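Engineer: First, the structure itself, so that you have it in front of you.
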């Protein structure tokens with residue numbers, strides 16, 4: 001079974017409420033050479049990190065993934081307590097000032113209103129309640145990951161069309177190079193005669209054997225048959241990788257480098273300005289291909 005190509009760029013969010021808590025989950029991913037996971041978890045959720053990493057690793061192959069989970073507790077999960085240390089310090093200060101300052105002692109509500117005397121603390125959850133909360137969060141993380149995969153595949157569909165278009169351009173330019181008049185036997189022979197004549201004039205002492213060797217070398221340098229065959233083979237491989245789908249971004253990136261290598265050699269071997277121009281157009285399209293391949297998982 002084949003799977004469509006997926007981009008490494010995507011975003012998803014989910015949330016829920018349970019046991020007096022509300023939580024929000026956000027996952028986003030961008031390009032990366034491998035799978036790089038970073039997390040920002042609300043206090044009390046650190047125990048979930050190993051399981052979260054496992055689930056992300058089972059779902060995604062590549063990408064820089066950022067996961068954040070925020071958690072808010074409503075009033076039912078909080079209690080107001082007196083900070084005995086702060087209260088004691090306030091009462092000691094009142095006693096110390098009692099004989100030095102003529103003033104009425106403050107009322108109870110005034111003392112309790114002083115900063116730090118009353119504190120709001122989150123009540124501790126039972127082990128069962130914490131386990132249930134964690135289970136709900138993990139359930140929503142799975143939903144979020146499914147949405148992220150869908151988001152990445154939607155972008156992957158767009159990228160697939162772009163890649164196919166670039167490969168078609170590479171194929172068309174390869175055929176132009178194949179059919180270029182400078183590749184005809186007559187054109188190559190004429191160019192060789194001209195170059196050998198130049199060699200003969202420049203090096204009047206060259207023997208027939210040396211001239212023959214130079215002619216063979218020039219013929220080899222002018223022959224781009226191997227480059228054209230490799231380009232054709234790479235085109236076939238690229239189409240096959242796209243058709244197979246899945247996490248093939250690294251293979252497509254390697255293939256785009258091979259495309260570029262053959263285009264460079266074609267330009268260096270070219271014996272005509274028009275053929276060189278085709279080679280430069282090839283390089284431009286291959287650069288566009290590789291730029292898009294960087295986004296593929």
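Engineer: Counting only residues that are in a loop (DSSP other than H, G, I, E, B) and surrounded by 13 or more Cβ atoms within 10 Å (Cβ to Cβ), which one in segment 33-51 is modelled with the lowest pLDDT?
Structural biologist: Checking each candidate, the answer is 44.
Engineer: What are the residues in segment 243-263 that are under 26 Å from residue 155 (Cβ atoms), assigned to a helix (DSSP H, G or I) and in contact with a helix residue (DSSP H, G or I) (Cβ under 6 Å, 6 or more places away or on another chain), if any?
Structural biologist: The answer is 251, 252, 253, 255, 256, 258, 259, 260.
Engineer: When residues of segment 1-32 are filtered for being assigned to a loop (DSSP other than H, G, I, E, B) and more than 30 Å from residue 126 (Cβ to Cβ), how many remain?
Structural biologist: Qualifying residue count, segment 1-32: 9.
Engineer: May I ask you to say which residue of 54, 100 is outside any helix (DSSP H, G or I) and loosely packed, with under 13 Cβ neighbours inside 10 Å?
Structural biologist: It is 100.
Engineer: Please determine whether any residue of segment 105-113 is within 22 Å of the chain's Cα centre (by Cα), over 29 Å from residue 291 (Cα atoms), outside any loop (DSSP other than H, G, I, E, B) and touching a residue at least 12 places away in the same chain (Cβ under 8 Å).
Structural biologist: no
The values are calculated or read from the model by the stated rules, or taken from the named source; none is laboratory data. Note that the structure is a prediction, hence the values are computed from the model and not measured. So basically every Cβ, Gly included, is an ideal-geometry build from the backbone, and we count neighbours across all protein chains shown.
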